[in-house]
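Undergrad: Encoded as structure tokens, here's the structure I'll be asking about.
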Ligand code: UDP
């Protein structure tokens, strides 16, 4: 069992001191097409650990789309609000799976839920969460914003603002940034190195949902879209290497 490293010093090479990592629930399902694939969760946890070792303070939000999405439930006749609460509960399962994987690697974590469930996770108390970050605990924010009709993209942007993160890192599988069209369908698709939030809106690029983009843009919070499936990719970007797209105001 590796010894936990509670308070690593900030690596001078790190471009950011405190970041938000947003990953979709689907990133955790591996090739299964549904649910959780523990080896995939462990692989992502190893990537997070390499950044934690740089002394970077890490917030995480994980979606729930590998288990349940409110919109699909309501499309099949469920009442939308109930379906959204189910989606939020799905994110708690994913957060617990990530917590287990990170702690297995000796990284201290807290799961912090927007919906109270004290036996399972801490309630969200902003100042307490900031203190965890200062103590270099990875804070995994679960249950989205706690409100139906939102997504975990908005939750990630909201918590990133509240926690004074310097950027949101959006880890994607099989794509190394934002393209002008779908690179899986168009061989001539061009990746943007940088793009403004206004252009993301104007060109209708599918990066985050509109409320998340507005919240990031209006608070000058940069978004970095990078490949999550490239080993060392997350750490590389923190040290100024690798391919990614940066979205800013
Ligand atoms: N959700 C919600 N409020 C929030 C965040 C999430 O109601 O603040 C629900 C919503 O039903 C959503 C589901 O939780 O479909 C899972 O989140 P999301 O779709 O963002 O997951 P991802 O696509 O990132 O896996």
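Undergrad: Does residue 141 count as under 16 Å from the mean Cα position of the chain (by Cα), within 13 Å of the ligand (Cβ to nearest atom) and within 22 Å of residue 17 (Cα to Cα)?
TA: yes
Undergrad: Right, another one. Take the conditions over 27 Å from residue 84 (Cβ atoms) and either within 16 Å of the ligand (Cβ to nearest atom) or in a helix (DSSP H, G or I) (or both) and apply them to residue 47. Does it pass?
TA: Criteria met by residue 47.
Undergrad: Now for a different question. Kindly check whether there is at least one residue in the stretch 129-138 that is within 15 Å of the ligand (Cβ to nearest atom), modelled with pLDDT of 95 or more, in a loop (DSSP other than H, G, I, E, B) and surrounded by 18 or more Cβ atoms within 10 Å (Cβ to Cβ).
TA: No, there is no match, as no residue in the stretch 129-138 is within 15 Å of the ligand (Cβ to nearest atom), modelled with pLDDT of 95 or more, in a loop (DSSP other than H, G, I, E, B) and surrounded by 18 or more Cβ atoms within 10 Å (Cβ to Cβ).
Undergrad: Just to be sure I understand the filter: pairs with C-beta atoms under 9 Å, separated by 6 or more residues or on different chains, first member in the stretch 116-145 and in contact (Cβ under 8 Å) with a residue 24 or more places away in the chain and more than 22 Å from residue 64 (Cα to Cα), second member part of a strand (DSSP E or B) and within 16 Å of the ligand (Cβ to nearest atom). Which pairs pass?
TA: From residues that are in contact (Cβ under 8 Å) with a residue 24 or more places away in the chain and more than 22 Å from residue 64 (Cα to Cα), the pairs are 133/59.
Undergrad: Can I ask one more? Select from the stretch 55-77 the residues that are buried (at least 21 other Cβ atoms within 10 Å of the Cβ) and away from the ligand (no atom under 11 Å from the Cβ) and write down the one among them that is nearest to residue 14 (Cα to Cα).
TA: Restricting to residues being buried (at least 21 other Cβ atoms within 10 Å of the Cβ) and away from the ligand (no atom under 11 Å from the Cβ), the top hit is 56.
Undergrad: If I filter the stretch 191-204 for residues that are closer than 18 Å to residue 26 by Cβ and not in a helix (DSSP H, G or I), do I get at least one hit?
TA: no
Undergrad: Now, a different point. For the stretch 153-166, state whether one or more residues are surrounded by fewer than 22 Cβ atoms within 10 Å (Cβ to Cβ) and assigned to a helix (DSSP H, G or I).
TA: Looking through the stretch 153-166, at least one residue is surrounded by fewer than 22 Cβ atoms within 10 Å (Cβ to Cβ) and assigned to a helix (DSSP H, G or I).
Undergrad: Can you tell me how many residues in the stretch 91-107 are near the ligand (Cβ under 8 Å from one of its atoms) and surrounded by fewer than 24 Cβ atoms within 10 Å (Cβ to Cβ)?
TA: Result for the stretch 91-107: 0.
Undergrad: From the residues in the stretch 108-123 that are within 12 Å of the ligand (Cβ to nearest atom) and in a loop (DSSP other than H, G, I, E, B), which one is farthest from residue 151 (Cα to Cα)?
TA: Ranking the qualifying residues of the stretch 108-123, first place goes to 115.
Undergrad: In this structure, is residue 150 part of a strand (DSSP E or B), modelled with pLDDT of 95 or more, surrounded by 14 or more Cβ atoms within 10 Å (Cβ to Cβ) and within 16 Å of the ligand (Cβ to nearest atom)?
TA: Answer is no for this residue.
The values are calculated or read from the model by the stated rules, or taken from the named source; none is laboratory data. This one's a predicted model, so the numbers in the text were calculated from it and none came from an experiment. No Cβ is skipped: glycine too gets one built from the backbone with ideal geometry, and neighbour counts run over all protein chains shown.
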